[in-house]
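*Asks:* Here it is, the structure, as structure tokens.
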Amino acid sequence: MITVYGINNCSTVKKARVWLADHDVGFEFHDFRKQGLSPELAQRWLQQAPWELLINRKGLTWRGLTEAQKLSITGIAAAQQLMLDKTSVIKRPLLEQDGKLLHIGFDAAAYGKLFNL
């Protein structure tokens, strides 16, 4: 089973969920704003993808950080703490299956290749 991680009211997450449903790809949704994000999950993602890909530096949450806060994110430990403190800074959606991070963000063509559609 695919797990889609994100925030329910995120437009990109909504697009991904609609795409998956329209293409009959079974998934469960985990809203990490409501259901939380464990340190273990954040660490697992950071072991599979560079923190620079996981942190959305174009979003409102990142832009709302002070310059000092932004400059302090220089490695995995700082990125993990930021992800845990401000889950909305995580690029969305994240697709995972059996502990393996499949894709970060939404791209219809990439999803098509990923699911052989």
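The values are calculated or read from the model by the stated rules, or taken from the named source; none is laboratory data. Values in this document were obtained by computation on a predicted structure and should not be read as measured data. Note that each Cβ is placed from the backbone with ideal geometry, even for glycine, and that neighbours are counted across all protein chains shown. Remember, those area values only see protein heavy atoms, side chains included, never the ligands or the DNA or RNA. Shrake-Rupley method; radii C 1.70, N 1.55, O 1.52, S 1.80 Å.
*Asks:* What pairs can you find where one residue is in region 1-23 and farther than 20 Å from Ser88 by Cα, the other is among the acidic types (Asp, Glu), and their Cβ atoms are less than 8 Å apart, with a gap of 6+ or different chains?
*Replies:* Every condition considered, the pairs that remain are Met1/Glu28; Ile2/Glu28; Ile2/Glu96.
*Asks:* Return the residue satisfying two criteria in turn: it lies in region 85-107 and is open to solvent by less than 50 Å² (accessible area, probe 1.4 Å) and out of contact with any Gly (no Cβ under 9 Å at 6 or more places or on another chain), and of such residues it is farthest from Gln48 (Cα to Cα).
*Replies:* Gly105
*Asks:* Could you please find all residues in region 10-38 being open to solvent by 70 Å² or more (accessible area, probe 1.4 Å) and not β-branched (Val, Ile, Thr)?
*Replies:* Of everything in region 10-38, those that are open to solvent by 70 Å² or more (accessible area, probe 1.4 Å) and not β-branched (Val, Ile, Thr) turn out to be Ser11, Lys14, Lys15, Asp22, His23, Asp24, Glu28, Arg33, Lys34, Gln35.
*Asks:* Considering each of Leu71, Leu53 in turn, give the residue that is more than 14 Å from the chain's Cα centre (by Cα), aliphatic (A, V, I, L, M) and surrounded by fewer than 19 Cβ atoms within 10 Å (Cβ to Cβ). Lay out the reasoning, then the answer.
*Replies:* Details: Leu53 fails: more than 14 Å from the chain's Cα centre (by Cα).
Only one candidate passes the filter, namely Leu71.
*Asks:* Before we move on, is Thr61 more than 21 Å from Cys10 (Cα to Cα) and either among the β-branched types (Val, Ile, Thr) or assigned to a loop (DSSP other than H, G, I, E, B) (or both)?
*Replies:* no
*Asks:* Kindly evaluate Ala109 against the criterion of being of a type in the set (A, V, I, L, M) and farther than 15 Å from Thr3 by Cα.
*Replies:* So Ala109 fits the description; yes.
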